[in-house]
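Below you'll find the structure, written out as structure tokens, and then a few comments.
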Amino acid sequence: MATDLIIEDLTIEYSTGDYVLRPIDSMTLTISSGELVLLLGASGSGKTTLLSAVAGLLTPSSGRIWFGDTEVTGLRGSDLVDYRRHTVGVIFQIFNLVPSLTASENVQAPLRAAKVKAKTAQARAETLLTRMGLADRMAHHPGDLSGGQQQRVAIARALAHDPPLVLADEPTAHLDYIQVEEILKLLRELATADRVLLVATHDERLLPLADRVIELTRRASDVTRPPEQVRLGPGEILFEQGSDGDLVYIVEEGTIELVRTRPDGSEDLLGRRGPGTYFGELAPLFGIQRSATARAATPAVLTGYGMRDFRARIGATPAQILYANQG
């Protein structure tokens, strides 16, 4: 039966070290059964985090995830175990095969954990490994297999329960171009009319494979747009940590303070910017999220520029912009 994956206003926030990250912020997305969708983005963009939430391995800060009639974010206890075991199959980038087990035994493992009879599990493993082109490698251990062969065993294991939802995390990360070709064909075959395939990757070689691409890393902004003047009262926020940003700001009047939020809710003051200085250049320059919150310490007037116009205004290259404002 066809089943859609629906993500509603999803936000995932967690602490790392001395600050808070929000890799997924108010995401809404629908993936129809039969689609192969790529989550494209650099390391740290939230790809694996999102897959973990869809797999029921991570609880989001807010929002909901539905797969068909099942609210994944509402599952608990045995219902969550059943979802992870029978509904979703996960293909890991580092294969996660058990070294002491053969290829066949690795594929049988999730079946045996679900109390499937040994003969039935063995027959299922043989069918899947033959489909993966590994009929002559079933008795081999992972250490005796190439990277591409290990990944095919991992795919077979993910399909052990014939799940209607398959999640692949960087499935080509450790493969050479010949091995990648094999995996690309297999991934395309997995997206059938009654299955959703969601693939997280930074590998743009996978782009022609997809029915749809969701970019989690914003492209650096280089558009021309009229300058925007902003007036702030004391305590008013210009932008928040973790938000997207297309503008660099020059302070015309007043003082802006840049603060970073700690996991306990307290703040670190990173610095202050007064008249004639600028800030906020990294987000539009590299297409990344804001790394701090900008807040008016006094009444302030600022002018926001797109990166192209800002570079023309100050007559500097990206490298000069980056280094000129350090400290």
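The values are calculated or read from the model by the stated rules, or taken from the named source; none is laboratory data. Everything quoted here is computed from the prediction, not taken from an experiment. So basically every Cβ, Gly included, is an ideal-geometry build from the backbone, and we count neighbours across all protein chains shown. Each accessible area value is taken on the protein alone, full model and side chains, heavy atoms only, with ligands, DNA and RNA left out. Shrake-Rupley method; radii C 1.70, N 1.55, O 1.52, S 1.80 Å.
Descriptive notes on the structure:
- Between 0 and 90°, nearest 10: helix 147-158 axis offset from the chain longest Cα axis: 80
- Point-charge dipole on Cβ atoms (K/R +1, D/E -1) for segment 111-152, about Cα centre, debye to 20: 320
- Taking the C-alpha atoms only, the angle from helix 118-131 to the longest principal axis of the chain is near 60 degrees.
- A cut-off under 10 angstrom between Cβ atoms defines the neighbours of TYR249, and their net charge, with Lys, Arg +1 and Asp, Glu -1, is -2.
- For segment 226-240, the residues whose backbone nitrogen is under 20 Å from a point 7 Å from the Cα of THR11, taken along Cα to Cβ, are 236-240.
- Segment 253-291 versus segment 66-135: alpha-carbon centroid distance in Å: 46
- The residues neighbouring GLY56, those whose beta-carbon lies less than 12 Å from its own, together hold a net charge of 0 under the Lys/Arg +1, Asp/Glu -1 convention.
- Size of electric dipole in the chain: Cβ of Lys, Arg +1 and of Asp, Glu -1, about Cα centre, debye, nearest 20: 580
- Here's the list of aspartates and glutamates a cross-link from LYS47 could span, going by alpha-carbon distance under 17 Å and ignoring same-chain residues fewer than 8 apart: GLU8, ASP9, GLU13, ASP25, ASP169, GLU170, ASP203, GLU204, GLU215, ASP244.
- Selected from PHE67, LEU302, ALA109, residue furthest toward positive end of dipole (the chain; charges at beta carbon): ALA109
- Cut-off under 5 Å, modelled amide H: who pairs with THR3 long-range: SER33
- If you plug the beta carbon distance of ASP79 and ARG272 into 1/(1 + (r/R0)^6) with R0 = 45 Å, you get a FRET efficiency near 0.30.
- Each part reduced to its alpha carbon centroid, segment 139-161 and segment 1-56 end up 26 Å apart.
- Test item: Cα-centred dipole of segment 132-233, Lys/Arg +1 and Asp/Glu -1 on Cβ, debye: 360
- Whole-number percent relative contact order across segment 27-91, with pairs defined as alpha carbons under 8 Å at least 6 apart: 21
- Share of carbon and sulfur in the accessible heavy-atom surface of the chain [1.4 Å probe, %]: 50
- The mean sequence distance of close C-alpha pairs (under 8 Å, at least 6 residues apart), as a share of the length of the chain, puts its relative contact order at 20 percent.
- Under 13 Å from the Cα of LYS119 - aspartates and glutamates, other chains or at least 8 residues apart: GLU105
- Those trypsin sites (Lys or Arg not before Pro) in segment 170-255 that DSSP places in a loop and that have at most 13 other beta carbons within 10 Å: ARG219
- Along the axis of the charge dipole computed for the chain (Cβ charges of +1 for Lys and Arg, -1 for Asp and Glu, origin at the Cα centre), the listed residues GLY233, SER291, TYR83 are led at the positive end by TYR83.
- Looking at the chain, the accessible area is 48 square angstrom per residue; that uses a 1.4 Å probe and ignores ligands, DNA and RNA.
- Cα gyration tensor shape of segment 254-318, rounded if a/c is under 1.5, else prolate or oblate by comparing a/b with b/c: oblate
- Net charge of Cβ neighbours under 13 Å - reference GLU267; Lys, Arg +1; Asp, Glu -1: -2
- Packing around the peptides 161-174, 128-141, taken as the average count of other Cβ atoms within 10 Å per residue, puts them in this order, highest first: 161-174, 128-141.
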